[in-house]
1. Might you check whether a residue that is under 20 Å from Ala91 (Cβ atoms), within 19 Å of the chain's Cα centre (by Cα), β-branched (Val, Ile, Thr) and open to solvent by 50 Å² or more (accessible area, probe 1.4 Å) occurs anywhere in the stretch 1-19?
2. If I go through the stretch 166-188 residue by residue, how many of them are part of a helix (DSSP H, G or I) and open to solvent by less than 60 Å² (accessible area, probe 1.4 Å)?
3. Of the residues Ala127, Ala134, which single one is within 20 Å of Ala9 (Cβ to Cβ), free of Cβ contacts under 8 Å to residues at least 60 places away in the same chain, in contact with a helix residue (DSSP H, G or I) (Cβ under 6 Å, 6 or more places away or on another chain) and buried (at least 24 other Cβ atoms within 10 Å of the Cβ)?
4. How many residues does the stretch 10-64 hold that are among the aromatic types (Phe, Trp, Tyr) and within 23 Å of Trp132 (Cα to Cα)?
5. Provide a single number: the residues in the stretch 87-123 that are hydrophobic (A, V, I, L, M, F, W, C), more than 16 Å from Leu164 (Cβ to Cβ), open to solvent by 20 Å² or more (accessible area, probe 1.4 Å) and in contact (Cβ under 8 Å) with a residue 40 or more places away in the chain.
6. Would you be able to say whether some residue in the stretch 72-86 is under 17 Å from Leu137 (Cα atoms), in contact with a helix residue (DSSP H, G or I) (Cβ under 9 Å, 6 or more places away or on another chain) and open to solvent by 30 Å² or more (accessible area, probe 1.4 Å)?
7. Among the listed residues Val144, Val152, which satisfies the condition of being without any contact (Cβ under 8 Å) to a residue 40 or more places away in the chain and open to solvent by less than 80 Å² (accessible area, probe 1.4 Å)?
8. Show me the helices (runs of 4 or more DSSP H) found entirely inside the stretch 32-149 where at least 1 residues are modelled with pLDDT under 95.
Amino acid sequence: MTRPLLHAATGLLALTLGLLPAPWHLVGAVLGIVAGWIVFPLTAFGRGLQRPGEPFLGGLRTYPVAVLALVVLLPRAEAAAAWGVLAFGDAAAGLVGPRVPAPAILGSPKATWSGTSAYLICGGLAAWGLSWGAAALATCTGWVVIDVVPSVLACFAAAGAAALLDLVPLPPDDNLPAAAAAGVVLHVLRIST
């Protein structure tokens, strides 16, 4: 239960996209990689987070890489939204899916209707909340400019895309594909409006 809670808690750092001026938001994302690749593996806490048999490029290492990609490739509000989908959607599925009895989706051993629904709802709400939270903080600071914030529909569409992709077992884990799916949907919906 610690791992999904840490997954979600680090998602709150998306709010710093409304606070940190360039290039410090990128420095923050790189520090996440340093923590995930070097610091956590050296600590008992980090070793306790690893799943038995987890490959070297498991979730603890791909999560900060996914965040860096979002921060580099997307406008800040979209990056915060996609990060929210990744952090809270995946964590909610991991917490709810195994604990709330529901049928498996398409016979998947890891995906249930309860977990996927939690992914969609929590991921969409987190995306919307974090993108608007980052925009509000940017307004307060004055040194960060956030012009466009994703609509609630775009946030839930991004969460839906990531939740659907989460149904497919992809190596090394689901962090990179989920972040990519959420980011692409947010980007496409922004340029199409």
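The values are calculated or read from the model by the stated rules, or taken from the named source; none is laboratory data. What you are looking at is a predicted structure, and each value in this text was computed from that prediction instead of being measured. Using ideal geometry, Cβ is built from the backbone for each residue, glycine included, and neighbour counts are taken over all protein chains shown. Surface accessibility is based on the protein's heavy atoms, side chains included, excluding ligands, DNA and RNA. Shrake-Rupley method; radii C 1.70, N 1.55, O 1.52, S 1.80 Å.
1. Among the residues of the stretch 1-19, at least one is under 20 Å from Ala91 (Cβ atoms), within 19 Å of the chain's Cα centre (by Cα), β-branched (Val, Ile, Thr) and open to solvent by 50 Å² or more (accessible area, probe 1.4 Å), which makes the answer yes.
2. So the count comes out to 11.
3. Ala127
4. Looking only at that region, the number is 2.
5. 2
6. There is at least one residue in the stretch 72-86 that is under 17 Å from Leu137 (Cα atoms), in contact with a helix residue (DSSP H, G or I) (Cβ under 9 Å, 6 or more places away or on another chain) and open to solvent by 30 Å² or more (accessible area, probe 1.4 Å).
7. Val152
8. Helices (runs of 4 or more DSSP H) meeting the threshold: 44-49, 59-73, 90-96, 113-141.
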